[in-house]
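Below: one structure, written as structure tokens.
The values are calculated or read from the model by the stated rules, or taken from the named source; none is laboratory data. Since this is a predicted model, take the numbers as computed values, not measurements. Here the Cβ positions follow ideal geometry from the backbone for every residue, glycine too, while neighbour counts run over all protein chains shown. Protein only, heavy atoms only, side chains kept; ligands, DNA and RNA dropped before computing areas. Shrake-Rupley method; radii C 1.70, N 1.55, O 1.52, S 1.80 Å.
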Amino acid sequence: MGAVIQNLWAKKGRIKFPGGAALPFWGFASSANGKPQIPGPLIKARAGDLVTINLYNHLKKNISLLFPGQQFIPRPVKENGVFVSYNTPAAPGDCTSYSFTAARPGVFLYESGTSPEEQVSMGLYGALVIYPRGYDDLLSPDYHTAYCGNTGTGFDVEKVLILGELDSRLNMAADTGSRFNMPDYNPDHLVINGRSYPHTLLPDNYGLLSSQPVGSGLGIIPGQRVLLRIINAGLQNHTFRLLGITARVVAVDGWPLKADENSLNATYLKNTITVAPGESYDLIFTVNGQGQYFLHHRDFNHPGKGNRFPGGMATRLTATLFESAGVPAAPLDLSCALINRKGVKLSWKNSSTGEEGFVIERKITGEDNIELLAILDNPGRQEYTDSTVLPGISYSYRICAYNSAGASKHSNICRIDTNNIEQGPEKLTCTTMYGKRADLAWSGSNARGSGYAIERRADNSEDFQTIAEVGPNTTFYRDLSVVNNTIYTYRVKAVFPAGAACHSNECVTVPKAAPLSAPDQLRSVYVTDKSVFLVWDHDSSDENKFHIERKTGAGPYIEIDVVANSQTWYTDKDVQKNGTYYYRVRTHSKSEGFSDYSYELLVNTP
């Protein structure tokens with residue numbers, strides 16, 4: 001018997017995605033001064049250990065923790081008879097503790113038990129791995145096994161992959177205290193261990209991803225037994241494919257499929273598995289040849305993939321004959337050169353033979369932030385062109401090499417001014433009117449070119465797409481293909497016969513439908529001891545339904561019916577003699593939610 005104590009601080013932070021997008025999130029830090037991370041710190045224990053979690057709440061909402069799969073009895077909380085939490089919460093600024101005995105080996109989630117549809121989606125989750133007692137004892141039959149020595153779960157290399165997804169709209173609404181309608185949940189980012197591809201390839205604790213410290217890439221030697229522990233912390237099913245690999249499923253939800261040497265062997269072979277929310281799979285496999293093997297989400301059209309393959313929920317296993325000699329050496333002699341109408345060309349010398357790729361970082365002189373500009377996932381490369389620069393700015397660049405062992409030191413820094421680069425459009429602005437449209441305007445002249453290309457990306461997706469081209473004397477464009485309540489980022493570039501100039505600045509806008517107006521002139525035109533006939537006025541064409549509510553005497557309002565948008569009347573046939581009733585009506589739109597209520601109407605039946 002041992003004791004495991006883990007302190008968790010719930011805090012707000014920001015996470016980064018390829019292409020420069022960033023989102024607010026809520027996560028757990030392992031120290032009072034540490035940054036929150038997604039997923040939360042990995043908690044490890046052995047079967048029989050007493051596990052204690054101390055939860056400190058630095059958020060503005062109550063939070064709690066659940067431990068599915070453990071012998072832990074939660075204490076649901078009600079306020080005024082209304083359910084508010086699956087377990088005892090910590091109030092803002094307060095702390096609480098949870099303890100349980102780690103009863104059996106397996107991989108499990110710990111996650112928020114208070115408003116979990118919001119808080120787990122925001123990032124309040126992590127993994128708990130419980131090993132057999134003799135896991136680290138060379139003389140034990142349980143040494144380096146997932147579920148004891150007679151379960152067929154021995155391994156040489158282990159990797160935990162926590163699947164998840166994020167909906168940008170939910171994160172931004174929750175971060176600002178706004179309401180988000182959960183039936184509209186539609187994630188636009190798929191992640192493994194909190195990162196999207198190609199960030200998943202970077203090693204653990206990469207500096208610019210401080211709130212996403214755990215990578216998903218894996219380096220092995222052919223013939224090694226790999227234990228892949230996949231658990232889904234998201235709200236959706238995720239179908240995960242091991243490209244070029246057939247694995248044996250040895251456990252599901254922490255239950256081994258071969259309990260001991262005398263039991264039925266229920267393990268089976270798979271190369272594609274569908275992991276339900278909260279579900280876990282333990283897979284064991286070997287690869288016999290050198291190469292790169294991709295592990296990725298099978299839904300090629302999922303918006304969270306960022307219009308690329310691989311993308312989103314994807315990572316890579318690299319098999320080489322020799323174990324990595326360690327972190328690769330830093331690239332040498334980085335240089336920068338302007339290429340008119342193209343951008344800045346970077347060149348360097350590769351001084352390592354063990355790298356899996358390179359990371360390019362950029363900084364604008366006078367700004368504090370260093371930008372993760374690009375991840376090149378092919379070894380041996382020695383040049384890159386940055387076509388996203390703007391004229392008249394001083395840039396600094398540095399690069400490093402990476403592999404599964406870590407990232408190299410940075411190269412030298414090269415600096416360059418873009419004063420002489422071809423001028424692109426300037427002062428791009430975005431405005432939205434009510435309705436499905438966005439208006440763009442910019443300044444500049446492209447008299448020597450063929451026009452301008454309009455580029456757009458939606459909901460913080462990773463890549464810009466060209467949506468239109470306009471003539472050289474045009475400095476305005478109206479985008480009529482937008483969807484209301486979607487975040488759009490635009491940029492414009494001048495197009496020349498020999499290529500494109502620099503991009504303009506970026507602008508962001510969110511088209512919205514006109515606010516729903518409340519029903520007006522609610523009135524009763526016919527009242528008997530058995531029915532009340534109501535009529536109201538409404539001049540909007542956007543509503544989907546009218547919701548009628550009634551209260552009797554001093555009681556609460558209760559919704560009594562919903563009618564179609566073409567009906568501006570209603571007959572209440574559930575009234576009694578000498579009754580006192582109050583009525584109100586509001587409209588509802590799928591895109592905009594509910595309007596305000598009409599004014600209250602008092603009706604007394606005879």
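Odds and ends about this structure:
- Some residue of region 26-35 being touching a helix residue (DSSP H, G or I) at 6+ places or on another chain (Cβ under 7 Å), in a helix (DSSP H, G or I) and of a type in the set (A, V, I, L, M, F, W, C): no
- Where L376 falls short, out of the listed (1) out of contact with any Ser or Thr (no Cβ under 9 Å at 6 or more places or on another chain); (2) open to solvent by 50 Å² or more (accessible area, probe 1.4 Å): (2)
- Matching residues, region 567-606, being open to solvent by 90 Å² or more (accessible area, probe 1.4 Å) and part of a loop (DSSP other than H, G, I, E, B): K573, D574, Q576, K577, N578, K590, D596, Y599, E600
- Any hit, region 125-138, residues being among the basic types (K, R), part of a loop (DSSP other than H, G, I, E, B) and either closer than 30 Å to F180 by Cα or not assigned by TED's automatic domain parsing to the domain that holds A259 (or both): no
- Scoring E111 on the criteria (1) within 15 Å of the chain's Cα centre (by Cα); (2) open to solvent by 10 Å² or more (accessible area, probe 1.4 Å); (3) under 26 Å from A32 (Cβ atoms) leaves a single failure, condition (1).
- Enumeration of residues in region 63-100 that are surrounded by fewer than 19 Cβ atoms within 10 Å (Cβ to Cβ) and not in a loop (DSSP other than H, G, I, E, B): V77, K78, E79, V82, F83, V84, C95, T96, S97, S99, F100
- Taking region 463-511 and the strands (runs of 3 or more DSSP E) fully enclosed by it, the elements with 1 or more residues that are crowded, with 18+ Cβ neighbours inside 10 Å are at 476-479, 488-496, 499-503, 507-509.
- Members of region 143-161 found to be of a type in the set (S, T, Y) and not in a strand (DSSP E or B), listed by number: Y143, Y147, T151, T153
- Taken over region 47-62, the criterion of being in a strand (DSSP E or B) and farther than 12 Å from T114 by Cβ is satisfied by L50, V51, T52, I53, N54, Y56.
- Residue match in region 4-13 (condition: open to solvent by 50 Å² or more (accessible area, probe 1.4 Å) and modelled with pLDDT under 95): no
- Test set (1) touching a strand residue (DSSP E or B) at 6+ places or on another chain (Cβ under 9 Å); (2) open to solvent by 10 Å² or more (accessible area, probe 1.4 Å) - T200 fails condition number: (2)
- The listed residue being open to solvent by 60 Å² or more (accessible area, probe 1.4 Å), under 26 Å from V129 (Cβ atoms), under 24 Å from the mean Cα position of the chain (by Cα) and of a type in the set (K, R), out of K44, K60, K35: K35
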